[in-house]
Amino acid sequence: MKILFDKRQLLHAPETYFRQGVAIKHPEQPERALLLRDALIADGHELTQTSNHGSAPIKAVHNTDYVEFYDTAWDRWVEYGGAGTIAVPNYHISHGINRLPKGIVGQLGYYTTDTACPVTDGTKEAIYWSAQTAIDGANRIMEGENLIYSLCRPPGHHASRGNSNGFCFFNNAAIAAHHLRQKHDRVAVIDIDTHAGQGTQDIFYDRGDVIFTSVHVDPSDYPPFFACYPDERGIGDGLGASLNITLDKGSNEIDVLAGIDQMIAATINFGAQAVVVSLGFDMATDDPLSELNFSGDGFVGAAERIMALNLPTLLVQEGGYLGPSLSNNAVRFLRTAEAARRN
Ligand SMILES: [Zn+2]
């Protein structure tokens, strides 16, 4: 199948990540995308340059002020003086009154909900092209292709309309799902990353035209912590169009695939006409962020179930970090998906 990618997505290269008070190497490295790209090319997929569709599809999902913040954030950080090699906030918004301040340090804290989304000198380019890779995939689906892989990096599903979170800046899957609505009346997001896609849920929570379904580790003691519990089902027009299936740490393929079966049933019941898969490979047992017992066979089972929907399907890359099985799991998932499409 076609693999959409733009090498400018590699330009976001954060060095440091704070985990439990310890500065470690940031897990979301450009090398992830190169490993995935090269393994999939070697397995016969067709690398395709992402086309530019401009910022309007991004601003259709994200607040304009948030999108435009990244246009100048790095330059303003450098101008501030005494700044380090990553722009990371040491102040964050509170639960109470929040005003957008003028200065870069305060604005970073306003738009950034954690320390996992530092801005570097290449972040602006990387997040723009990661979003374009999703938008271009959605465009191709609307033009009649029925299976595309958008190798988005940085990932997107933790980003809400107006804030970054969990390595994510622009919500590539949500942007693609909204973009698909130009042609498809009802769109499903199927999120199988080990972390809940709370940004995606938030964006569509009150909408009845996009269903969000997700299987993930119970957020009560695991990121993203603050949303995507099973009792969140949507509000207003979106009531019933959010489905969160949580897993205990240590869950295995049987548990995950049972969750995906429920998500597939909900997607059919919803009457979806196109699917965006938030495709994380960080459920894998050997992923550095994993809390599950999940093998390559599990990814094959996931691909079989999603492809059995027999709907136009856009695969959007989310998590999956530098563990030994990362590229092999991607190869197996895409190989299964393509074989199912041919049958
Ligand atoms: Zn993840």
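Here, each number is a calculation from the coordinates, and none is a lab measurement. Just so we're clear, the structure is a prediction, and the values are computed from it rather than from any experiment. In this analysis, Cβ positions are derived from the backbone assuming ideal geometry, glycine residues included, and neighbour counts consider all displayed protein chains.
Packing-based ranking of 268-279, 19-30 yields 268-279, 19-30, ordered from highest to lowest mean Cβ neighbour count within 10 Å.
Pairs of C-alpha atoms in segment 1-143 farther apart than 17 Å represent 67 percent of all such pairs.
Please give the net charge around D286, taking every other residue with its beta carbon less than 15 angstrom from that of D286, where Lys and Arg add +1 and Asp and Glu add -1. Counting the neighbours of D286, the net charge comes to -3. Springs between Cα atoms under 10 Å define the GNM used for the chain, and in it the highest mean-square fluctuation of G240, G84, G298 occurs at G84. Compared with the direct C-alpha span, the chain from K183 to E145 gains 12.4 nm at full extension, assuming 0.36 nm per residue. In order along segment 110-118, the Karplus-derived 3J(HN,Hα) couplings, from 6.51 cos²θ - 1.76 cosθ + 1.60 at θ = phi - 60°, round to 6, 9, 10, 8, 8, 9, 8, 10, x Hz, and Gly and Pro are given as x. Proximity of backbone amide H atoms, modeled 1.01 Å from N, is registered between K2 and E46, Y149 at under 5 Å, excluding neighbours fewer than 5 places apart on the same chain. Once the mean of 1/r is taken over each pair of separate Cα atoms and inverted, the chain shows a Kirkwood hydrodynamic radius of 19.7 Å. Our coupling estimate for segment 198-208, obtained by passing each phi through the Karplus curve with A = 6.51, B = -1.76, C = 1.60 and θ = phi - 60°, is 5, x, 5, 4, 4, 5, 9, 4, 9, 10, x Hz, Gly and Pro reported as x.
Ranked for footprinting exposure by Cβ neighbours inside 10 Å, fewest first, S290, S242 give S290, S242. For the pair N98 and D43 in one chain, pulling the backbone fully straight at 0.36 nm per residue adds 14.8 nm over the alpha carbon distance.
Comparing Cα centroids, segment 241-259 and segment 109-131 end up 30 angstrom apart. Derived value for segment 253-320: Kirkwood hydrodynamic radius 12.6 Å. Basis is the mean of 1/r over every pair of different alpha-carbon atoms. The order of M283, M1, going from fewest to most other C-beta atoms within 10 Å of their C-beta, is M1, M283.
Within the shell of other residues whose beta carbon sits under 15 angstrom from the beta carbon of T113, the net charge comes to -1, with Lys and Arg scored +1 and Asp and Glu -1. Computed 3J(HN,Hα) for segment 17-30, one whole-Hz value per residue from the Karplus formula 6.51 cos²θ - 1.76 cosθ + 1.60 where θ = phi - 60°, is 9, 9, 10, 6, x, 10, 7, 10, 5, 4, x, 8, 9, x, glycine and proline marked x.
Cα centroids of segment 2-54 and segment 181-240: 24 Å apart. Annotation: amide H-H contacts under 5 Å for L247 (H modelled 1.01 Å from N, sequence separation of 5 or more, or interchain): H216, V217, D218.
Packing-based ranking of 189-196, 177-184, 10-17, 142-149 yields 189-196, 177-184, 10-17, 142-149, ordered from highest to lowest mean Cβ neighbour count within 10 Å. Per-residue extension of 0.36 nm, minus the Cα-Cα distance of E68 and N310, leaves a gain of 83.3 nm for this segment. Based on the convex hull around the alpha carbon atoms, segment 177-251 presents an average projected area of 4.7 nm². Cα-based values for segment 1-74, radius of gyration first and Dmax second, are 16.1, 43 Å. The Cα atoms of segment 160-306 define a convex hull whose projected area, averaged across directions, is 8.0 nm².
Under a Gaussian network description of the chain, with springs only between Cα atoms under 10 Å, the residue in G166, G137, G156 that fluctuates furthest is G166.
Where only DSSP H runs of four or more residues are counted, the chain gives -11500 deg cm²/dmol as its mean residue ellipticity at 222 nm, each run worth -39500 (n - 2.57).
Report, ordered by chain and residue number, the lysines lying within cross-link reach of K7, taken as a straight Cα distance under 25 Å and ignoring same-chain residues fewer than 8 apart. Output for K7: K25, K59, K124. The protection proxy used here, the mean number of other Cβ atoms lying within 10 Å of each residue, ranks peptides 101-108, 328-335 as follows, highest first: 328-335, 101-108. Projected over every direction and averaged, the convex hull enclosing the alpha-carbon atoms of segment 72-211 yields 9.5 nm².
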